[in-house]
Amino acid sequence: MDSKLIFRLKEFYILETFQVAFYNAQANSATDEYYKAAFDKMVQIEQGHADYFADIINRANEEVPSVAGSVFQLAGSFVGETVESIGQHSTCKLGVLLENKAMDAYRKFINEAKEKEYLVIKATLMEYLLDEEFHTFWLRDYMNKHPN
């Protein structure tokens, strides 16, 4: 597996790990059952994405970024608790920003997936892009229904 692909997979692993930490902090601090259920679901999906990238990295006999996981878990908790203290609307707004970053990265990677080696994961990348889009739609909808 070429070094460019490994680098990109590690980038996605780090991005997904950050989303897991952020959404987990939201789920753990939520008092609204529906809000908590939504963030629990997002954690489950984003963790699946992170696990997928980690598996490919491992199969390539490369090291999965482990320090990033700890740093991002701490950052996710800090950001999550800070945003939660100023309201669910702000939490959703930050979530949309995270999802937009992820969607941009997925679109770029999908466009790069023209080489034979990349084609193997292109369908999965498109599936994960859809997950990110669905998360964005939910976050925006919740944010619009709960303006403050």
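Read the figures in this text as sums done on the coordinates, not as results from a lab. From a predicted model like this one, the values you see are computed outputs, not experimental measurements. Cβ sites come from the backbone with ideal geometry, for glycine too, and all protein chains shown count toward neighbours.
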ask   = Which distance in nm do the two modelled labels at MET126 and SER66 give, with both placed 7 Å along the Cα-to-Cβ direction?
value = 3.7 nm
ask   = Taking the highest mean first, how do the peptides 3-13, 54-64 order by number of other beta carbon atoms within 10 angstrom per residue?
value = 3-13, 54-64
request  = Over 31 Å between C-alpha atoms is what I'm after, so list which of LYS4/LYS36; LYS10/LYS36; LYS4/LYS145; LYS93/LYS122 land there.
outcome  = LYS4/LYS36; LYS4/LYS145
query = Could the peptides 123-133, 92-102 be put in order, highest first, of the mean number of other beta-carbon atoms found within 10 Å of their residues?
reply = 92-102, 123-133
